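The values are calculated or read from the model by the stated rules, or taken from the named source; none is laboratory data. Bear in mind that the values here come from a model prediction, so they are computed numbers and not experimental data. So basically every Cβ, Gly included, is an ideal-geometry build from the backbone, and we count neighbours across all protein chains shown. Remember, those area values only see protein heavy atoms, side chains included, never the ligands or the DNA or RNA. Shrake-Rupley method; radii C 1.70, N 1.55, O 1.52, S 1.80 Å.
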Amino acid sequence: MQWQALLDQTRVREILAGQTSHKVSGELRTEYERDRDRSIYSSPVRRLIGKTQVFPLDPNDLIRTRLVHSLEVSTVAEGLAAQATRDVICKRESLDDGQQRAISKIAETCGLLHDTGNPPFGHAGELAIGSWFAKRLDRKKRIPKLGGERSQAAKDFLLFEGNAQTLRILTNTRLLGHDHGLNLTCATTAAVRKYLAASHIADADSKIHENTKPGFFKSEAKIVDEIGERTSTKGRRHPIAYLVEAADDIVYCVVDIEDGLKKHLLAWPMVFEYLKKRCASLPLFEEILKGSDKQMKDVPQETPLWASEYPQAFRVNAISAMVRSVVDVFGLRYDQIMMGDYHDELVRDVQCSAAVFIKACKDLLRETVFRSQEVLRLEVRGRKVIHDLMDLFWEGASTYLKDRKIQSRSYGGKLYLLISENYRHIFQKRLLDGREDEAYCAFQLVTDYVSGMTDAYACRLHTDLMNGRIG
């Protein structure tokens, strides 16, 4: 891979529809800055304020939402990419100032966008959507005309994946007065892709990390190929994707612990003892503690102020140490990455000095916070909400398929009209085009609509349509 191709500025709409992006006279922003700006103002990013990070529908304003998480990842990704550009890439490549700035700007934008495809209720929402389709199969209501449950068309739904939905939102939905999503550059669109495999090829047990989850749906296969050709990333991950993925891990492994402390699901002495037991001999852990202690040296340890502020100091120093560690391993693996021969995560690499610490933090979260009664109850509730809404809107979509008429006399017709007009527009246009399977388009209409909802909106709509019934 070469950076000239990796930073391709061609926009998605130009590839799919032959239309170039309109630029205001005197525009001074680079194409990558335009990507960042249109992402910030987009509705998918705004909706992240109402989507779960860890604690669904939490009344505490201090607890992170998916938007706050994405802003934090965006910030770390930008800094991480800037350091990697300075300390690694520019020592191997001849890049001009604009190309150097482009790398960190793309990483910043990808950090902001990386979770836009996540449905309400976080990863539990992904499982809920997949289980809704699996339930239909279990009842022997075969998914019609999709080529069987092992086909990509069926697996797109059975293995519904937020990362693939992100790519769909960015390229193939109606957002800015056209049907090509945010119409980003090929460079940014390629870099946002965390996984590469089609849904029927993805294997959770694969030793190739980028093939462990679905990376795109059948509906986006064409644009994936086109972007891959233009950016030289066909069958390969964009180098910036490794950095954004690492930034995501760096952020959530410590800030979710911080939120667990705020929720009183964790206590700092327990967190400290757990991490000390797992990381006692780790130089990076000693460095984090030394930096945290220095930052808090003027605050008496026995005071409430120390108890509330020390975890924050720990988070600051931990992120700083992990970023340096990732830059180091990115340098060690750079040649493999540029050849498309690196198939691991930077934060799990055996050469990553932060790998043990990051795994310890994640294990702590899995053993405590993610198993808390509060989180489990809300995730179960979210599953029921999503299943019921998909039942309702599938009836609406299938009703429209029968005669392709919008009408409000039948119950199904009313349900169809309740689906957002932007989603219906894309759906009806696809049916008129006639090149895609009707059932696939209808199922995708339902998943597009439901996965785009915020947690609170999904619950309100469910209460409204189900007369307050959860069970």
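Take the Cα coordinates of the chain, assign each an equal point scatterer, and use the Debye formula without solvent to give log10 I(q)/I(0) at q = 0.06, 0.12, 0.13, 0.14 Å⁻¹.
Debye intensities relative to I(0), on a log10 scale: -0.28, -1.09, -1.26, -1.42.
Taking amide H positions as placed in the peptide plane 1.01 Å from N, state which residues far from A198 in sequence (5 or more) or on other chains have amide H under 5 Å from it.
The answer is G215.
On a 0 to 90° scale, report how tilted helix 221-231 is relative to the longest principal axis of the chain, with both axes built from alpha carbons and the result rounded to the nearest 10.
40
For a quick check: with amide H placed at 1.01 Å from N, whose amide H comes under 5 Å from Q407's, ignoring anything fewer than 5 positions away on the same chain?
When sequence neighbours closer than 5 places are left aside, there are no close amide H contacts.
Measure nothing but the geometry: give the 0 to 90° angle between the long axis through the Cα atoms of 438-451 and the longest principal axis through the Cα atoms of the chain, rounded to 10°.
40
Let me know the Kirkwood hydrodynamic radius for region 226-299, please, with Cα pairs as the basis and the value in Å to one decimal.
15.5
Can you work out the base-10 log of I(q)/I(0) for region 294-379 at q = 0.10, 0.13 1/Å, using the Debye formula on its C-alpha atoms alone?
-0.43, -0.66
Give me the dipole magnitude in Debye, nearest 20, for the chain about the Cα centre, with unit charges on the beta carbon: positive for Lys and Arg, negative for Asp and Glu. Present the calculation step by step, with values, prior to reporting the outcome.
On the way: 69 positive and 65 negative charges, 332 e Å.
My answer is approximately 1600 debye.
Determine by what factor the alpha-carbon radius of gyration of region 186-232 differs from 2.2 N^0.38 Å, reporting the quotient.
Against the compact-globule rule of thumb, the ratio is 1.13.
Take the solvent-accessible surface of the protein heavy atoms, probe 1.4 Å, and return the percent of it on the chain that carbon and sulfur atoms account for.
Taking all protein chains in place, the chain shows 50 percent carbon and sulfur surface.
Would you compute the Debye intensity of region 351-471 from its alpha-carbon atoms alone, equal scatterers and no solvent, and pass along log10 I(q)/I(0) at q = 0.09, 0.17 Å⁻¹ to two decimals?
The Cα Debye sum returns log10 ratios of -0.39, -0.85.
Enter the per residue convex hull volume of region 1-154, computed from alpha-carbon coordinates, in Å³ rounded to the nearest integer.
Value for region 1-154: 189 Å³ per residue.
With point charges of +1 on the Cβ of Lys and Arg and -1 on the Cβ of Asp and Glu, referenced to the Cα centre of the chain, which listed residue (S325, H238, P59) lies farthest in the positive direction of the dipole?
Among S325, H238, P59, the one farthest towards the positive end of the dipole of the chain is P59.
Compute the distance from the alpha-carbon center of region 311-384 to that of region 102-120, in whole Å.
Using only Cα atoms, the two centres lie 17 Å from each other.
Using +1 at the Cβ of each Lys and Arg and -1 at the Cβ of each Asp and Glu in region 334-449, identify which of Q336, Q407, W394 lies farthest towards the dipole's positive end.
Most positive-ward Cα: Q407.
Is region 64-181 rounded, prolate or oblate when judged by the Cα gyration tensor, a ≥ b ≥ c being the square roots of its eigenvalues, rounded requiring a/c under 1.5 and prolate requiring a/b larger than b/c?
Here region 64-181 falls in the prolate category.
How big is the convex hull of the Cα atoms of region 240-388, per residue, in Å³?
Values: hull volume 19.3 nm³, N = 149.
Convex hull of Cα atoms, per residue: 130 Å³.
Q53's amide H: which non-local residues (gap 5+, or another chain) put their own amide H closer than 5 Å, with H modeled 1.01 Å from N in plane and none for Pro or chain starts?
The answer is R66.
Considering only DSSP states other than H, G, I, E and B, which trypsin sites (Lys or Arg not before Pro) in region 1-48 qualify as loop sites with at most 13 other Cβ atoms within 10 Å?
Passing both the DSSP loop test and the Cβ count: K23, R29.
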